[in-house]
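The values are calculated or read from the model by the stated rules, or taken from the named source; none is laboratory data. These numbers come from a predicted model, not from an experiment. Cβ atoms come from the backbone with ideal geometry, glycine included; neighbour counts cover every protein chain shown. Heavy atoms of the whole protein, side chains included, go into the accessibility calculation; ligands, DNA and RNA do not. Shrake-Rupley method; radii C 1.70, N 1.55, O 1.52, S 1.80 Å.
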Amino acid sequence: MIVIVLAQIQMSFNIFALPVLVGPITRDLATPATSVATALVVYALVVAALVMVGAKVGRLFGERPVFQVGVIVHAVAMGMMALSADARMMNYAQAIAGLAAAAIVPTLVALIAANYRGRQQALAVGVLAGAHPIAGALAFFIAGSLGATLGWRYSFGTLMFIAAAVLILSFRLKPVPRRREVRIDLVGAALAAAAIALITFGFNNLNAWGLVLAKPTAPFSLIELSPAPFMAVLGIVLGQAFFVWGRRRAAGDRTPLLSLEVLDSVYERAALFAMFIIGALGPAINFLIPVYIQIVQDRSTFDTAVAVIPYTLAIAGASIFVVRAYDKLTPRQIAIAAFVLFAVALVLLAFTIRNDWGTPVVILGLVLAGLGEGALLTLMFNVLVTASPPELAGDVGALRGVANNLSTALGTAFASVVAVSLLGLIVTTSLNRSAIPDSLKTQVNLDNVNFVTNAHLKEALARTTATTEQVDEAVAINQEARLRALRASFLILAGIALLAIFPASRLPDYRPGEIPCG
């Protein structure tokens, strides 16, 4: 279990460290904050697109050797991150890390299924789910401290040493017999990868390429319409084609890329949908809070750690100890209560964030959100694991990997698109009502409004004809617009959390003590 947890921490530390270090990375690489979100999306996209293939590769060659190779490749990717000279190299490093994670993620679940049963299995699943936020707490503390002192690159370099420890300890893992008869469904893999890529890229570029009409930054246009929504819709169509193809292979006694038995009940489908929603809302918070602290508040990565570590610890605690509630409450009751708690936390954040620092209230909102998120992540995972036979554990792990990473990509993209779109709308409206002349507005690119600190805004205006009074007015507009955009974003996320009650109401309603154990 120690090796499995360390491997999960190794992967999770990477994706938690990126938003924590958004300030130092943007300054060092001279890139906007949204570039860090893009790197997260690239990582999540690769994992989501290839994790089902990774599950089959693990069954074909054996989970332990595949796990070990994945750990080595991930370490190489972290070395590339530490040496990144620009945003492009950072994206390449995250793509390679995603490739390694696609191989590692399914093996973790398979190893748990091979070594634990019943109540121990439920607890092991909770510990695995809790390892992710524990890595977040470590990332916020270690990356926050290193980012404020030695530099952001040391955070990723540290992961190479963790990978070496994981590799050495992995030889103590009990090998899972390989399945030589397993065949990889290449058509299914292509359909899944294309669907996930189109959905992710389409959604992630709604702001950059245009929501309806194509912007000049769009790579091409369809009768002057943005390609982004068309890509997202085409991705959904290919996703449906993937499931049709999988049923066709199963009917012909051929192994599909994903065994559809893991989704053959209404409970499993409801759990997957609820997992996807909470999996998107969590990364959205992880993106918005560092932007708030480091861009709006213009504070350090260490301040980000101070605010967010309690949030990640709350997720870890709820992930591990929610198992104790299984004998008293049904999965349906736990899920509905957790989504309501999560929504309340987001509303609290929306009404308490302000331009002057208020750590305690922000931390309270984040802790409440963490408790709801942690309980949901473990509960949904357990519903999927216990509803499937042990031999399908790799497929359950792959399904979890797809849901977690696709939701991470879409959640981060959604937060970025919504926040930046609202910011641009508010800034444009405020400028139209201000005394700032049109001659000055033409000197600033208002088609690419983004979250920037007041210091960066003043530097940009210093290269224009703006007077001191006009600079002060522009800074005031920037401060108000950033805050309003973030508040509105949190309220939108709270609304989505409340809508998630509908799939949660379809979860099992077992009486106390009747939750099945696989």
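Checking (i) 98, 61, 38; (ii) 74, 55, 50; (iii) 72, 50, 44 against the coordinates, the calculated Cα extents along the principal axes in Å falls under label (iii). Working from Cα pairs under 8 Å separated by at least six residues, relative contact order for the stretch 174-245 is 36 percent. Relative to the Cα centre, the charge distribution of the chain, modelled as +1 at Lys and Arg Cβ and -1 at Asp and Glu Cβ, gives a dipole magnitude of about 1220 debye. Under 17 Å of direct C-alpha separation, and excluding same-chain neighbours fewer than eight residues apart, LYS174 reaches these aspartates and glutamates: GLU63, GLU391. Going by the alpha-carbon gyration tensor, a ≥ b ≥ c the square roots of its eigenvalues, is the stretch 291-369 rounded (a/c under 1.5) or, if a/c is not under 1.5, prolate (a/b greater than b/c) versus oblate? The shape class here is prolate.
For LEU225, the residues whose amide H sits under 5 Å from its own are ALA214, ignoring neighbours fewer than 5 places away on the same chain, with H placed 1.01 Å from N. Taking the protein heavy atoms of the stretch 3-73 in the context of the full set of protein chains, the accessible area attributed to carbon and sulfur is 72 percent at 1.4 Å. For the peptides 217-229, 497-509, the ranking by packing is 497-509, 217-229, with the highest mean count of neighbouring Cβ atoms within 10 Å listed first.
Charging the Cβ of each Asp and Glu at -1 and of each Lys and Arg at +1, and nothing else, the dipole of the stretch 259-403 about its Cα centre rounds to 340 debye.
Given contacts defined as C-alpha pairs under 8 Å and at least six residues apart, what's the relative contact order of the chain, whole-number percent? Mind showing how you got there, number by number?
Numbers: 903 pairs, mean separation 119.9, N = 518.
Taking the mean separation of contacting Cα pairs over the length of the chain, I get 23 percent.
The C-alpha atoms of the chain define a longest principal axis, and helix 301-321 lies at about 30 degrees to it.
Sorting PHE242, PHE203 on solvent-accessible area from highest to lowest, probe radius 1.4 Å, gives PHE203, PHE242. By the helix-only formula, in which each DSSP H run with n ≥ 4 contributes -39500 (n - 2.57) and the sum is divided by residues, the chain has a 222 nm mean residue ellipticity of -25000 deg cm²/dmol. Charging the Cβ of each Asp and Glu at -1 and of each Lys and Arg at +1, and nothing else, the dipole of the stretch 191-334 about its Cα centre rounds to 260 debye. Each of LEU423, SER489, ALA500 was placed along the dipole of the stretch 407-501 (beta-carbon charges, centred on the mean Cα), and the one lying farthest toward the positive end is ALA500. With the charge dipole of the stretch 177-301 set up from +1 on Lys and Arg Cβ and -1 on Asp and Glu Cβ about the Cα centre, the Cα lying farthest toward the positive end among the listed residues ALA250, ALA271, LEU198 is that of ALA250. Kindly identify the stretch 168-256 as rounded, prolate or oblate by the Cα gyration tensor criterion: order the square roots of the eigenvalues as a ≥ b ≥ c, call it rounded if a/c is under 1.5, otherwise compare a/b with b/c, prolate if a/b is larger, else oblate. Oblate, since a/c reaches 1.5 and b/c is not below a/b. Excluding ligands, DNA and RNA, the accessible surface per residue across the chain is 40 Å² with a 1.4 Å probe. To the nearest 10, the accessible area of LEU313 is 100 Å² with a 1.4 Å probe. Placing unit charges on each Cβ (+1 for Lys and Arg, -1 for Asp and Glu) gives the chain a dipole about its Cα centre, and among VAL41, LEU288, PHE161 the Cα reaching farthest toward its positive end belongs to PHE161. Residue ranges 185-193, 245-253, 17-25, 340-348 sort as 17-25, 340-348, 185-193, 245-253 when ordered by packing (mean number of other C-beta atoms within 10 Å per residue, highest first). Over the stretch 1-87, Cα pairs under 8 Å with separation of 6+ residues give a relative contact order of 32 percent.
Protection proxy ranking for 259-270, 425-436, using the average of other Cβ atoms within 10 Å per residue and placing the highest first: 259-270, 425-436. The portion of the accessible surface of the stretch 415-495 made up by carbon and sulfur, rounded to a whole percent, is 53 (1.4 Å probe; DNA, RNA and ligands excluded).
Residues with beta-carbon under 13 Å from that of ILE295, excluding ILE295: net charge, scoring Lys, Arg +1 and Asp, Glu -1? Spell out each step's value before the answer.
Numbers: positive: ARG27, ARG299, ARG482; negative: ASP298, ASP303.
Result for the local shell: +1.
Please give me the summed charge of the neighbours of THR304: other residues whose Cβ is under 15 Å from its Cβ, Lys and Arg +1, Asp and Glu -1.
The answer is 0.
When the surface is traced with a 1.4 Å probe over the full set of protein chains, ILE72 keeps roughly 80 Å² accessible.
Would you mind classifying the stretch 176-333 by shape? Square roots of the alpha carbon gyration tensor eigenvalues, ordered a ≥ b ≥ c; an a/c under 1.5 is rounded, otherwise it is prolate if a/b is larger than b/c and oblate if not. Oblate, because a/c is 1.5 or more while a/b does not exceed b/c.
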